[in-house]
There are 2 protein chains.
Amino acid sequence: MTLLVAGWVAIDEIETPFAKVRDSLGGSATCAALAGALFTDVRLLAAIGDDFPTPERQKLEGRGIDLAGLETIPGGKTSRWGGRYHFDMNTRDTLYTELGVNAGWQPRLPPGWEGSSTAFLAAGDPVLQRNIMGALAAPRITMVDTIKFFIDGALDELRLTMRQAGFVSLNESEAREIARTPSIARAGRALLNGGPAGVIIKLGEYGAAFVSEDDYFVAPGYPLEEVVDPTGAGDAFAGGFLGYLDTLPEVTAAQVRRAVVYGSTVASFQVEGYGPARLLTLTRDEVEARYLEFRALTHFEVGK
Amino acid sequence: MTLLVAGWVAIDEIETPFAKVRDSLGGSATCAALAGALFTDVRLLAAIGDDFPTPERQKLEGRGIDLAGLETIPGGKTSRWGGRYHFDMNTRDTLYTELGVNAGWQPRLPPGWEGSSTAFLAAGDPVLQRNIMGALAAPRITMVDTIKFFIDGALDELRLTMRQAGFVSLNESEAREIARTPSIARAGRALLNGGPAGVIIKLGEYGAAFVSEDDYFVAPGYPLEEVVDPTGAGDAFAGGFLGYLDTLPEVTAAQVRRAVVYGSTVASFQVEGYGPARLLTLTRDEVEARYLEFRALTHFEVGK
């Protein structure tokens, strides 16, 4: 079983109320791939420029990620993103986005990758997301993520792409915007309409909600004493969620609930370092220990 | 067993993106008392003016609340509050606060009320909160709530009052402000320091977190399709939490977890109407049914 992750590999500049880092490994696909690699074999489909630092490439290789689909564009510049977080670490301003090689890039699947069992289409042009899903032979699980930029700029294409996905993941503000309602529950149900089997609404430090026709499940955020950098938490969630599901013989409602908790668990480690730094040393045993803590965090017996 | 609720009874003006209501029954003590009355006998300690409408008084009597401590100040004006909610229904602006009879009012316990087993000191002057706690003979459970006004204006007195309380409840932004940290987990632990046995951090639509030396529990918000008016949700939570605990022979960690879920359950009904309107018709059976739904919302088994 293999998880294909398509999206951006980038270089980030991150400012929090407590520190500032430059030239930090980033990008939606990077974080999701590193998270997924804790559970299953991961293939990374993305473009970089020839300015992409070799040590960063080696970090990805060091976690066993298949980089045959990481295309280096000669003379091209790796995408760059800069953001600044507010005091509550929940809200941020985007300072700049430089598309670089991702402007106009047309992803192509390396030979054999069409057989991937699971695919994560991280935030990106919804037409490209659809093309990649269409190029897969018979994926068992697909998930599409997006950002405000594409909701504002390509909503019709995005709706078409989301209808073809098995799962859709969104931030709560994005879900509210697409569904035009302040209610997360109502937004989740609206997004299910005519399309995906499940919708994940990411609630930042408050966790994540999973909505399907037959289920509604909420996992809280892990109560961290210190959040270093929230960047990429949603992508790490997606990697953990899909990585876990990819390993299973069957995807049941009970397994999806567990997958949401695994996603939340990996996301909680992601925010402990700048970008995906924490994921580079994270072990499956550490994930398992915190996963069990999540149960203790929310469990209650209804008896007297 | 009896729950004493002390705080404000008020008349509110509420504006949401969807509607505007005037002369709505409000006040922290009103909402907490109506919530508590679903579980146990409630005594209300508050001041009103002789402008307070008789039908509103009858609503409280109709739910069995003991109004011997509801003092009518001759010639006085009932407190008034106006607020406007933003589109997400999570944030609001206070338009005005008219203290009315609550300016300078000195609460006095009616005969016999010093024997109350449980007490909720809803947001108010921390010196008065402390005086009321001090006037009780041997309360088994006490809880102090506050608002930004007293954090900004009377922090030293508030700290002293919180140290004497069994439980403290706060909004997350207030917890962050007092503890001067963006981390809810760290703020919760800081508030425990040298004082209360447990801290409840209210997360609005995301639910509530309970923090003690030995426990950390999170209950999500109930996924409502429509929130009519969030005003008083935190007070309804307090009433449900304390009302349930008041009925128990023993307050264990497992019972506190259940009490948090009962609090969240009652709060989820509170926001279905303007002010505490929904609580006026709510039954214990309706509470019980939704309480069980909360378990389904968060439960997962850790097995394979």
Shortest-first distances to equivalent copies, position A:VAL127, nm, label 7 Å out along Cβ: 7.0
Highest mean first, what order results for A:145-157, A:256-268 on Cβ atoms within 10 Å? A:256-268, A:145-157
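Please tell me the relative contact order of chain B in percent, rounded to the nearest whole number, where contacts are Cα pairs under 8 Å and at least six residues apart. Please list the in-between numbers first.
Numbers: 675 pairs, mean separation 56.1, N = 304.
Averaging sequence separation for qualifying contacts and normalising by length gives 18 percent for chain B.
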Residue by residue through region A:211-219, the couplings from Karplus 6.51 cos²θ - 1.76 cosθ + 1.60 with θ = phi - 60°, in Hz, x for Gly and Pro, are 10, 9, 4, 10, 9, 9, 9, 10, 10
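For region A:88-232, build the convex hull from the C-alpha positions and give me its volume per residue in Å³. Mind showing how you got there, number by number?
Details: hull volume 20.6 nm³, N = 145.
Dividing the Cα hull volume of region A:88-232 by its residue count gives 142 Å³.
Using R₀ = 56 Å, calculate the FRET efficiency as 1/(1 + (r/R₀)^6) where r is the Cβ-Cβ separation of B:THR247 and A:GLU98; round to 0.05.
Given R0 = 56 Å and the Cβ-Cβ separation, E is 0.35.
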Place +1 on the Cβ of every Lys and Arg and -1 on the Cβ of every Asp and Glu in region A:226-299, take the dipole about the Cα centre, and give the residue among A:GLY240, A:ALA254, A:VAL271 whose Cα lies farthest towards its positive end. A:ALA254
Between A:THR142 and residues 5 or more places away or on another chain, the pairs with built amide H atoms under 5 Å apart involve A:ALA119, A:GLY166, A:PHE167
To the nearest 20 debye, the protein assembly as shown has a Cα-centred charge dipole, built from +1 on Lys and Arg Cβ and -1 on Asp and Glu Cβ, of 280 debye
Regarding chain A, what's the average projected area of the Cα-atom convex hull, expressed in nm²? 15.7 nm²
B:MET1, A:MET89 arranged by Cβ crowding within 10 Å, fewest neighbours leading: B:MET1, A:MET89
What size of dipole, in debye to the nearest 20, comes out for region A:122-174 about its Cα centre when the only charges are +1 on Lys and Arg C-beta atoms and -1 on Asp and Glu C-beta atoms? 280 debye
Search the structure for amide H atoms under 5 Å from the amide H of A:GLY124, placed 1.01 Å from N in the peptide plane, and list their residues when 5 or more places away or on another chain. A:ILE147
Hull surface over four for the Cα convex hull of the protein assembly as shown, reported in nm², is 26.5 nm²
Pop the C-beta distance of A:ARG22 and A:ARG295 into the FRET formula with R0 = 56 Å and round what comes out to the nearest 0.05. 0.90
Karplus-derived HN-Hα couplings along region B:248-256 (A = 6.51, B = -1.76, C = 1.60, θ = phi - 60°), whole Hz, x at Gly and Pro: 8, x, 8, 9, 9, 4, 5, 5, 4
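Counting pairs of Cα atoms in region A:170-304, how many percent are more than 28 Å apart? Before the final figure, lay out each step's value.
On the way: 1566 of 9045 pairs.
Every Cα pair in region A:170-304 considered, those over 28 Å come to 17 percent.
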For B:GLU288 and B:GLU226 in one chain, what is 0.36 nm times their gap in residues minus the Cα-Cα distance, to one decimal in nm? 20.3 nm
Taking chain B as a Gaussian network, Cα atoms linked when under 10 Å apart, which of B:TRP113, B:TRP105, B:TRP81 shows the biggest mean-square fluctuation? B:TRP105
Set Lys and Arg Cβ to +1 and Asp and Glu Cβ to -1, take the dipole of region A:2-298 about its Cα centre, and tell me which of A:THR281, A:ILE200, A:GLY83 lies farthest positive. A:ILE200
Cα centroid of region B:188-241 to Cα centroid of region B:4-38, whole Å: 18 Å
Mean 1/r over distinct Cα pairs of region B:1-80, inverted to a Kirkwood Rh in Å, yields 12.9 Å
So if each residue of separation counts as 0.36 nm, and I subtract the Cα-Cα distance between B:GLN106 and B:ALA254, what length gain in nm does that give? 49.6 nm
All other residues with a Cβ under 12 Å from the Cβ of A:GLU15 taken together, and with Lys, Arg as +1 and Asp, Glu as -1, what is their net charge? 0
Report the dimensions of region B:83-123 along its three principal axes from the alpha-carbon atoms, largest first, rounded to Å. 46, 25, 9
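By the scheme Lys and Arg +1, Asp and Glu -1, what is the net charge of all other residues having a beta-carbon under 14 Å from that of A:THR281? Display every interim value, and only then the final one.
Numbers: positive: A:LYS59, A:ARG63, A:ARG278, A:ARG284; negative: A:GLU272, A:ASP285, A:GLU286.
Residues close to A:THR281 contribute a combined charge of +1.
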Using a Förster distance of 35 Å, how high is the FRET efficiency between A:THR281 and B:ASN193, based on the Cβ-Cβ distance and rounded to 0.05? 0.60
In whole Hz, with x marking every Gly and Pro, tabulate ³J(HN,Hα) for region B:116-132 from phi via Karplus 6.51 cos²θ - 1.76 cosθ + 1.60, θ = phi - 60°. 4, 7, 9, 9, 10, 9, 5, 3, x, 4, x, 5, 5, 4, 5, 4, 5
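Across the residues of A:288-296, average count of Cβ atoms on other protein chains within 10 Å?
2
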Which distances in nm, rounded to one decimal and ordered from shortest, link the label point of A:THR91 to the equivalent label points in the other identical copies, with labels set 7 Å from Cα toward Cβ? 0.3
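Give me A:ASP88, A:ASP93, B:ASP235, B:ASP246 ranked fewest to most by other Cβ atoms within 10 Å of their Cβ, as a rough exposure proxy.
Starting with the residue having the fewest Cβ neighbours, the order is A:ASP93, A:ASP88, B:ASP246, B:ASP235.
With a sphere of radius 15 Å drawn around the Cβ of A:THR142, what net charge do the other residues whose Cβ falls strictly inside it have (Lys, Arg +1; Asp, Glu -1)? Walk me through the numbers before you get to the answer.
On the way: positive: A:ARG43, A:ARG130, A:ARG140, A:ARG163; negative: A:GLU114, A:ASP145, A:ASP246.
Taking every Cβ under 15 Å from that of A:THR142, the sum is +1.
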Cα pair distances exceeding 14 angstrom across region B:139-209, given as percent: 55 percent
Run lengths n ≥ 4 of DSSP H only: what is the helix-derived mean residue ellipticity at 222 nm for chain A, with -39500 (n - 2.57) per run over all residues, to the nearest 500? -10500 deg cm²/dmol
Residue of B:VAL42, B:VAL127, B:VAL287 that the Gaussian network model of chain B assigns the largest fluctuation, springs spanning Cα pairs under 10 Å: B:VAL127
Running a GNM on chain A with Cα contacts under 10 Å, which residue among A:GLY115, A:GLY275, A:GLY26 ends up with the highest mean-square fluctuation? A:GLY115
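How high is the relative contact order of region A:153-304? Use alpha-carbon pairs under 8 Å, at least six apart in sequence, and give a whole percent. Could the numbers behind the result be given before it?
Working: 215 pairs, mean separation 25.3, N = 152.
It rounds to 17 percent for region A:153-304.
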Can you list, shortest first in nanometers, how far B:PRO17 lies from the same residue in the other copies, with each label 7 Å from Cα toward Cβ? 2.6
According to the Cα gyration tensor, what semi-axes, each the square root of 5 times an eigenvalue, does the equivalent ellipsoid of region B:1-148 have, listed from largest to smallest in whole Å? 26, 17, 15
What nm distance separates the two modelled labels at B:GLU213 and A:GLN58, each placed 7 Å from Cα along Cα→Cβ? 5.0 nm
Within 10 Å of each Cβ in B:177-189, how many Cβ atoms from other chains are there, averaged over the peptide? 4
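Just so you know, all these numbers are worked out from the coordinates, no wet-lab data involved. The structure displayed is predicted, hence computed values, not measured ones. With ideal geometry, Cβ positions are generated from the backbone for all residues, glycine too; neighbour counts draw on all protein chains shown.
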